[in-house]
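Worksheet for the structure shown next.
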Amino acid sequence: MKVLNKETAPKAQRPERIIQFGEGNFLRAFVDWIIYNMNQKTDFNSSVVVVQPIDKGMVDMLNTQDDLYHVNLQGLDKGEVVNSLTMIDVISRALNPYTQNDEFMKLAEQPEMRFVISNTTEAGIAFDPTCKLEDAPASSYPGKLTQLLYHRFKTFNGDKTKGLIIFPCELIFLNGHKLKETIYQYIELWNLGEEFKTWFEEACGVYATLVDRIVPGFPRKDIAAIKEKLQYDDNLVVQAEIFHLWVIEAPQEIAKEFPADKAGLNVLFVPSEAPYHERKVTLLNGPHTVLSPVAYLSGVNIVRDACQHEVIGKYIHKVMFDELMETLNLPKDELEKFANDVLERFNNPFVDHAVTSIMLNSFPKYETRDLPGLKTYLERKGELPKGLVLGLAAIITYYKGGVRADGAEIVPNDAPEIMNLLKELWATSCTKKVTEGVLGAEFIWGEDLNKIPGLTEAVKADLDSIQEKGMLETVKGIL
């Protein structure tokens, strides 16, 4: 078995045009995989310099392999099982700004640099007022980026053609807006002047993006077989699902510069990412939140098995296609395609996604992912969506704790005040009190849900049915 480096594997030399803050599994299996495909299928011809956003990270491991590694895509593609391995060769080098700050700052001096892409976790886009311009480097990611932009501005004497296009991939709604605001805070804190501020506004673009791909990461249990198949000792293999979606809120001239769509990739440049964000939360996260307690209390432990179950599968389909889809405003065919993609993802034969792992903090999840759909459905149809109501009753039942019919323990996990409330309510053994108490908990919902017409009665009826007949019979009753 060979070591993996540029002596043992082919590695193309391409101009460094992209600075990437972050070296983790997600960026390597998503953004760098996308750039690899753009290089293969278009004239994009670009390589990536990776910058480690915190002082401890993986750049040494990357550089040991000359920044080569494989992506292992697994899942269903239009019903066909796929399990592929692709060597990604787009990273030219990886820097640690905490030990290589001069090299990091010199990236700003490279005239052909054009893009900045980041994924520094949700906490990464934050303003730290203790950062100074002369820090080597600033501790926050937006601080480091502002240092880099300011150095570029000075190096090229404010040349408007040397601006950068910035795509944050952090999992925050309107991440680009947040990053831009934070850069403005540093411009003010460090007194960088109106001229620089104008250059940043006119020459650079910070664009909100939505990213979607499940990346389980390093394939511990499969790694020996993968290395055997590759005949390379690759210690940076990253596993991901086949589905990928990158929605970028930017004008079409940016799409021309970043021609991912020309490479046949699921990368959309749109006027607003909001409807796509809503679609993902509603049709992917929304069904997850309600299928989990319904499946678990029916004796089903894995998401894929729930989708393939003759009763629970119909329930999931009802919630997605008949209820939640009816509350969204994108074209119907687009929504149906996305929902079918979601079902393929839920059915991934390579991922054993435990429903209990989704059950953490179910009440806040229901509040953001399912409650808006429930209200919109009621408004549009004049009746409550039975599947979403049952999902709420299932969460309330799950939070009672105890044991399942097969003896498996039910272990809810949420904020202490929610756990205490449910414990007190279930101690009354009165489903009316339980229902009214949960729906009336304004600290969970920000309002009293007992005021939604018919909801209290419907949830109580489902709770009674689950107590008397069990979950599976109750599901059959609404199908």
- prompt: For Thr431, Thr42, Thr368, what ranking results if the residue with the fewest other Cβ atoms within 10 Å of its Cβ goes first?
  reply: Thr368, Thr42, Thr431
query: By its C-alpha gyration tensor, with a ≥ b ≥ c as the square roots of the eigenvalues, how is the range 274-478 shaped: rounded for a/c under 1.5, else prolate for a/b larger than b/c, else oblate?
result: oblate
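If neighbour count is taken as other Cβ atoms inside 10 Å, put Val311, Val116 in order from fewest to most. Could the numbers behind the result be given before it?
Working: Val311 17, Val116 22.
Going from least to most buried by this count: Val311, Val116.
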Helix 371-381 axis, angle to the chain major axis (alpha carbon atoms, nearest 10°): 60
task: Express in nm, to one decimal, how much length is gained between Arg220 and Thr368 on full extension, taking 0.36 nm for each residue of separation and deducting their alpha carbon distance.
output: 49.9 nm
query: What residues from the range 93-107 fall in the zone where the backbone N is under 18 Å from a label point 7 Å along the Cα-to-C-beta line of Met61?
result: 93-97
- prompt: For the range 1-39, list residues with backbone N below 13 Å from a point placed 7 Å from the Cα of Thr86 toward its Cβ?
  reply: 28-39
- prompt: Per residue of the chain, what 222 nm ellipticity follows from adding -39500 (n - 2.57) for every DSSP H run with n ≥ 4, rounded to the nearest 500?
  reply: -12500 deg cm²/dmol
query: Packing-wise, with mean Cβ within 10 Å as the measure, how do 250-257, 146-153 rank, highest first?
result: 146-153, 250-257
- request: Quick one: which residues, 5+ away or cross-chain, put their amide H under 5 Å from the amide H of Ala126? H built at 1.01 Å from N.
  value: Tyr141
field: Residue order, fewest to most beta carbons within 10 Å, for Thr120, Thr435
entry: Thr120, Thr435
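For the chain, give the share of DSSP beta bridges that are antiparallel, in percent and rounded to the nearest 5; count only bridges with both residues there.
Expressed as a percentage, antiparallel bridges in the chain total about 35.
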Qualifying GluC sites (Glu not before Pro) for the range 301-388 [loop in DSSP, other Cβ within 10 Å: at most 12]: Glu310, Glu383
- prompt: Alpha carbon centre of the range 1-24 versus the range 389-452: separation in Å?
  reply: 51
- request: For an R0 of 30 angstrom, estimate the FRET efficiency from the Cβ-Cβ distance between Arg380 and Leu171 and round to the nearest 0.05.
  value: 0.55
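Classify the range 311-391: rounded, prolate or oblate, from the alpha-carbon gyration tensor (a ≥ b ≥ c, eigenvalue square roots; a/c under 1.5 rounded; otherwise prolate if a/b is larger than b/c)?
Since a/c reaches 1.5 but b/c is at least a/b, the shape of the range 311-391 is classed as oblate.
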field: Centroid-to-centroid separation of the range 89-153 and the range 166-192 [C-alpha atoms, Å]
entry: 13
- prompt: Could you give the angle, 0 to 90 degrees to the nearest 10, between helix 455-469's Cα long axis and the longest principal axis of the Cα atoms of the chain?
  reply: 70
field: the range 1-67: trypsin sites (Lys or Arg not before Pro) in DSSP coil with no more than 12 other Cβ atoms inside 10 Å
entry: Lys56
- line: Once phi for every residue in the range 38-48 is put through the Karplus expression 6.51 cos²θ - 1.76 cosθ + 1.60 (θ = phi - 60°), the whole-Hz ³J(HN,Hα) values, with Gly and Pro written as x, are 5, 5, 5, 10, 9, 8, 4, 6, 9, 10, 10
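Computed from the coordinates by the stated procedures, all read-outs in this text should not be read as laboratory data. These numbers were taken from a predicted model, which means no experiment stands behind them. Here the Cβ is made from the backbone with ideal geometry for all residues, glycine too, and neighbour counts use every protein chain on show.
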